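The values are calculated or read from the model by the stated rules, or taken from the named source; none is laboratory data. Every value quoted in this text rests on a predicted model; they were computed, and no experiment measured them. Methodologically, a virtual Cβ is constructed for each residue, glycine included, from the backbone with ideal geometry; neighbour enumeration extends over all protein chains shown. Surface areas here come from the heavy atoms of the whole protein model, side chains and all, with no ligands, DNA or RNA. Shrake-Rupley method; radii C 1.70, N 1.55, O 1.52, S 1.80 Å.
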Amino acid sequence: MPENASGGSSSSSSLLIRSKNPRRCQAENPLKLLSEFAGPALFCDETPMPVLDPGRGRTRICQFWAHATDDRAWKGPAPPAVAYVFAGGRGKKEIVAQLAGFEGVLQVDGYAAYASLAGDAMMSGQIQLAYCLVHARRNFVRVHKTTNSPFAAEVIERIAAVYAIEERIRGLDAGERRATRQAETKPLMEALRARLIAVKDGISRRSTLIKAIDYMLERWQGLTTFLDDGRLEPDTNTVERSIRPIAIGKKNSLFSGDEGGGETWAILASLLNTAKLNGLDPEAYLVDVLDRMVSGATKTNQLHELLAWNWKAAREAEKRAVA
């Protein structure tokens, strides 16, 4: 697992420029933006993106992939950021292309394309998968709502106890988080696993409850990765929060006009939502960035200065200078 690096990088400025080959630019953007200074984990998720299909009188389904990082929960050095990638599909080849060169923990849901990375020769030894405890919990919530299963309710309560600890340690440094998880959370998770195994043997293979249990047990190693590293999270909420604005945007726009529009959408969404993550007014930020680029106030070799966290630091320095 790579150590964290702090601060921006001039190579990160690729987020601000469009390549002559848009698809290549899109595939490279997330890691050029994030892997230079990301924490130990990269969060990944995807959502469908309808695109007009000329001549067929309908839309076809492409994908928006989101790659996010956020160290704030453990006071890490990397700034929060999200980079979106527009892609034609949701398969293994798309995610392999996007993650080429990435090494570290990839925190994801249980989608099969992510699971296939573990056995991929190109990714061998580079990526460790961490799964999402919230997704595992949702399966039991659905079972409880439809069957009123006492065991589903028990699992939900046990997971709630884990999150009560997470709430208490949020904002502590990585070492303190790991120590607490080892002392308090690990026994809870071990007890939960024992209960899952015990109950599994006594219920029908056709039940919805067995599917929820199997989902959790089959991914147990990835679901408990966070116990051994205080820099990791127990879930993918970091990236799910970043997917939400895209989902809301789709309801308003309905579809992208073409692939070029989808690629542009991804770049602008990366800039604006990263600005929000860094506590900026996205409109004021983008207006100033475009003005500096068009006017030449910021040169091509200085574009990294316009990334949200660097821009914020510069504006704060200017305010202190005149105070």
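Numbers below:
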{"read-out": "Residue in region 258-281 that is closer than 30 Å to ARG137 by Cα and among the charged types (D, E, K, R) present", "value": "yes"}
{"read-out": "Evaluation of GLY119 against (1) at pLDDT below 95; (2) in contact with a strand residue (DSSP E or B) (Cβ under 9 Å, 6 or more places away or on another chain) (one fails), failing number", "value": "(2)"}
{"read-out": "Answer residue from region 279-294, given it is outside any helix (DSSP H, G or I) and of a type outside the set (Gly, Ala, Ser) and is surrounded by the most Cβ atoms within 10 Å (Cβ to Cβ) among those", "value": "LEU280"}
{"read-out": "Failed item, numbered, when GLN221 is tested on (1) surrounded by 19 or more Cβ atoms within 10 Å (Cβ to Cβ); (2) part of a helix (DSSP H, G or I)", "value": "(1)"}
{"read-out": "Near pairs, Cβ below 7 angstrom, 6+ apart or cross-chain, from region 179-198 (more than 20 Å from LYS211 (Cβ to Cβ) and in a helix (DSSP H, G or I)) to any residue that is open to solvent by 50 Å² or more (accessible area, probe 1.4 Å) and not polar (S, T, N, Q)", "value": "LEU188/ARG158"}
{"read-out": "Pairs, first among the hydroxyl-bearing types (Ser, Thr, Tyr) in region 54-68, second part of a strand (DSSP E or B), C-beta under 9 Å, six or more apart", "value": "THR59/PRO50; THR59/VAL51; THR59/LEU52; THR59/ASP53; THR59/SER256"}
{"read-out": "Lone qualifier among GLU176, GLU190 - being under 17 Å from THR225 (Cα atoms) and surrounded by 13 or more Cβ atoms within 10 Å (Cβ to Cβ)", "value": "GLU176"}
{"read-out": "Contacts under 8 angstrom Cβ, first residue in region 247-271 being within 16 Å of GLN63 (Cβ to Cβ) and of a type outside the set (A, V, I, L, M, F, W, C), partner modelled with pLDDT under 70 and open to solvent by less than 20 Å² (accessible area, probe 1.4 Å), 6 or more apart", "value": "GLU263/CYS25; GLU263/GLN26; SER270/LEU15; SER270/ASN29; SER270/LEU33"}
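Conditions tested, residue by residue: (1) open to solvent by 20 Å² or more (accessible area, probe 1.4 Å); (2) assigned to a strand (DSSP E or B); (3) out of contact with any Phe, Trp or Tyr (no Cβ under 6 Å at 6 or more places or on another chain).
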residue: GLY55; (1), (2), (3): yes, no, yes
residue: TRP65; (1), (2), (3): no, yes, yes
residue: PRO77; (1), (2), (3): yes, no, yes
residue: ILE95; (1), (2), (3): no, no, yes
residue: VAL105; (1), (2), (3): no, yes, yes
